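> Please see the structure below; I have some questions.
The values are calculated or read from the model by the stated rules, or taken from the named source; none is laboratory data. Note that the structure is predicted; figures quoted are calculated from it, not measured. Here the Cβ positions follow ideal geometry from the backbone for every residue, glycine too, while neighbour counts run over all protein chains shown. Quick note on the areas: whole protein, heavy atoms, side chains included, nothing else; ligands and nucleic acids left out. Shrake-Rupley method; radii C 1.70, N 1.55, O 1.52, S 1.80 Å.
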Amino acid sequence: MGSGKSKEPAAGGGRRGEVDFTRFKARVDRVNISGLSRTHDDYIQRAIKSLFTAANFQDVIVETTNVKDNLMQLGIFKNLKIHIDTSKGEGATKNGYEVTFQGDELSRITGSIGTELGQNDGAATAELTSPNIFGRGERLSLNYSYSYVRSSVLNLRFTKPYYHTAVGDYNPETSIGIFKHSSPAPWSKFRTDETGVLLDFSFTLPFGLSNSLQYEVGMKEIFALDKQTPFFVRENCGPKLASIIRYIGVYEGRDSNVFPTNGIFVKTTNELMGSTLKQFGMVKSDVHCEINMPLFAGISLQLCGRFGMLLNDKRKETIPINQLFFPGGPQSLRGFEIAGACPYRDGVAAGCQSYWASGIHVWSPLPFSRYFGGFGDLFRTHLFYNFGTCNTFTTDKLRSTAGAGLAIRIGQKARIEFNYCQPLSFEAGDRIKKGFQFGIGYEFI
């Protein structure tokens, strides 16, 4: 009888010797979560409900892992351990299991000191956070950062999530923050100081679109950087009340944030601005798109583009210089200095009210990268062609650059690029940068 056994693979398609856990019927009878002292039960119930849909032991394992990730995202646990055992005692079923999560809640006050990367910028950061203040994920955070270009950010923010409510599947969250920002613009010889209040409501739609609705009100003041600041820039100096309604939408469909080989990414920022609480006279829109397609042997094709537009009602608002666009630089049009692909006046960048820029890249891993293990995954080479212009959506006064470079991944969000750039077309007065160009950031064209 034993010689009559089938030699075909298991129903799950596994190889010889692998166990197909889908063959074992199972259900979860009880979920225990230990280590909670100030968290309310209703805040975590939605995070664990998927465990009770398990129909076999494979489902139990997968859903337990998913629930652990959901619980960690609630922002109340320092760590979590998982224990799965057969169900015992009153209410136990024949194929029942009991899942236990053993965790430690975050302390009342946590802090961190570190660094973060911006667009061609790096900053030292310090943060103090009081998590889970009222037992349903509320948190109060104070953070400060100072970058090597002498920009500074100070934020005090209170955040309230609503994951435990009927709309919890959409990850709704509200926040109110008080901020003070200072950012220099050396290409135009001015600095902007901002102080105000920011209200934010964010949520995620089922198909992966993250949304943020914001209202910002405060004071924005422009200062001349030095005695050489031109008069047309000084005309913008002084404090002004600013009232902004903002929408930010992000769709992330790429397989990697830094070196994607497949997928689509779209980010749009739209603002309705005014100098009073009731009167709005400017509309500003900025859109970034990216499409990635795999080719062969680890090589991929990337098409990306960005455009911005600023409109104003001249009867209501004049456009301050800090709201204009300044295209050019390693993150937008390579082969140009930062703000080097826009009109210049009196020796400084005058900015523009609209622009568009596109890029075509062929990305490839390093030769023989497979022999370097995971270290080789940190590097990519690329051939690129960037083109775009400003103050028009045609190809008039087109700027373009071709080149090749090496990119190095930093963490999971940013990269460093070392590129050799050859500007092919440009306008008189543009600040071009032929030869090697260095760039660091998280959004490139």
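> Go through the stretch 259-294 and count every residue that is assigned to a loop (DSSP other than H, G, I, E, B), in contact (Cβ under 8 Å) with a residue 60 or more places away in the chain and closer than 30 Å to LEU378 by Cβ. Spell out the reasoning first.
Here is the first cut: in the stretch 259-294, the residues assigned to a loop (DSSP other than H, G, I, E, B) are 259-262, 275-281.
From the residues that got through so far, the ones that are in contact (Cβ under 8 Å) with a residue 60 or more places away in the chain too are 259, 261, 277.
Cutting the leftovers down to closer than 30 Å to LEU378 by Cβ gives us 259, 261.
Qualifying residue count for the region: 2.
> Hey, among the residues in the stretch 295-305 that are open to solvent by 40 Å² or more (accessible area, probe 1.4 Å) and either assigned to a strand (DSSP E or B) or among the hydroxyl-bearing types (Ser, Thr, Tyr) (or both), which one's farthest from GLY249 (Cα to Cα)?
LEU301
> Please work out if GLY96 is open to solvent by less than 40 Å² (accessible area, probe 1.4 Å) and touching a residue at least 40 places away in the same chain (Cβ under 8 Å).
So GLY96 passes the test.
> For the stretch 172-190, what are the residues that are touching a helix residue (DSSP H, G or I) at 6+ places or on another chain (Cβ under 9 Å) and farther than 12 Å from VAL153 by Cβ? Reasoning before the result, please.
Quick first cut of the stretch 172-190, residues touching a helix residue (DSSP H, G or I) at 6+ places or on another chain (Cβ under 9 Å) only: 183, 185, 188-190.
ALA185, SER188, LYS189, PHE190 - these are the residues of the stretch 172-190 that are touching a helix residue (DSSP H, G or I) at 6+ places or on another chain (Cβ under 9 Å) and farther than 12 Å from VAL153 by Cβ.
> Taking the residues in the stretch 188-209 that are within 27 Å of PHE326 (Cα to Cα) and among the small types (Gly, Ala, Ser) as candidates, determine which candidate is surrounded by the most Cβ atoms within 10 Å (Cβ to Cβ).
Per the stated criteria, the residue is SER188.
> To continue, here is another question. Considering only residues that are open to solvent by less than 70 Å² (accessible area, probe 1.4 Å), farther than 20 Å from LYS25 by Cβ and of a type in the set (Gly, Ala, Ser), which ones fall in the stretch 37-64?
Filtering the stretch 37-64 for residues open to solvent by less than 70 Å² (accessible area, probe 1.4 Å) gives 38-39, 42-44, 46-48, 50-51, 54-64.
From what's left, farther than 20 Å from LYS25 by Cβ: 38-39, 42-44, 46-48.
Hit for the stretch 37-64 is ALA47, nothing else.
> I want to confirm something. Restricting to the stretch 168-182 and keeping residues that are open to solvent by less than 50 Å² (accessible area, probe 1.4 Å) and modelled with pLDDT of 90 or more, which single residue is nearest to PHE326 (Cα to Cα)?
First, pick out the residues of the stretch 168-182 that are open to solvent by less than 50 Å² (accessible area, probe 1.4 Å): 168, 172-175, 177, 179, 182.
Filter once more, so that each one left must be modelled with pLDDT of 90 or more: 172-175, 177, 179, 182.
Details: PRO172: 34, GLU173: 33, THR174: 32, SER175: 31, GLY177: 28, PHE179: 24, SER182: 18 Å.
In this case the residue turns out to be SER182.
> Take ARG136 and decide whether it is touching a Pro at 6+ places or on another chain (Cβ under 8 Å) and in a loop (DSSP other than H, G, I, E, B). Show your work before the answer.
Working: touching a Pro at 6+ places or on another chain (Cβ under 8 Å): yes; in a loop (DSSP other than H, G, I, E, B): yes.
Answer is yes for this residue.
> Looking at LYS227, is it in contact with a Leu (Cβ under 6 Å, 6 or more places away or on another chain) and open to solvent by 30 Å² or more (accessible area, probe 1.4 Å)? Explain how you work it out, then say what you get.
Values: in contact with a Leu (Cβ under 6 Å, 6 or more places away or on another chain): no; open to solvent by 30 Å² or more (accessible area, probe 1.4 Å): yes.
No.
> Is the stretch 230-237 home to any residue that is farther than 30 Å from ARG409 by Cβ and at pLDDT 95 or above? Before you say what the answer is, go through the steps one by one.
Of the stretch 230-237, the ones farther than 30 Å from ARG409 by Cβ are 230-237.
So of that shortlist, the ones also at pLDDT 95 or above come out as none.
No - not one qualifying residue is present in the stretch 230-237.
> Could you name every one of the strands (runs of 3 or more DSSP E) located completely within the stretch 73-121 that has at least 1 residues being within 30 Å of SER147 (Cα to Cα) and at pLDDT 85 or above?
Numbers: elements: 77-86, 96-105, 110-118.
The qualifying strands (runs of 3 or more DSSP E) are 77-86, 110-118.
> In addition: When GLY111 is evaluated against the numbered criteria (1) over 21 Å from the mean Cα position of the chain (by Cα); (2) buried (at least 16 other Cβ atoms within 10 Å of the Cβ); (3) on the phi < 0 side of the Ramachandran plot, which criterion, by number, is the only one it fails?
So the condition that GLY111 fails would be (2).
> Would you confirm whether any residue within the stretch 124-136 is open to solvent by 70 Å² or more (accessible area, probe 1.4 Å), aromatic (Phe, Trp, Tyr), within 23 Å of the chain's Cα centre (by Cα) and in the same structural domain as LYS189 (by the TED database)?
The answer is no, given that none of the residues of the stretch 124-136 is open to solvent by 70 Å² or more (accessible area, probe 1.4 Å), aromatic (Phe, Trp, Tyr), within 23 Å of the chain's Cα centre (by Cα) and in the same structural domain as LYS189 (by the TED database).
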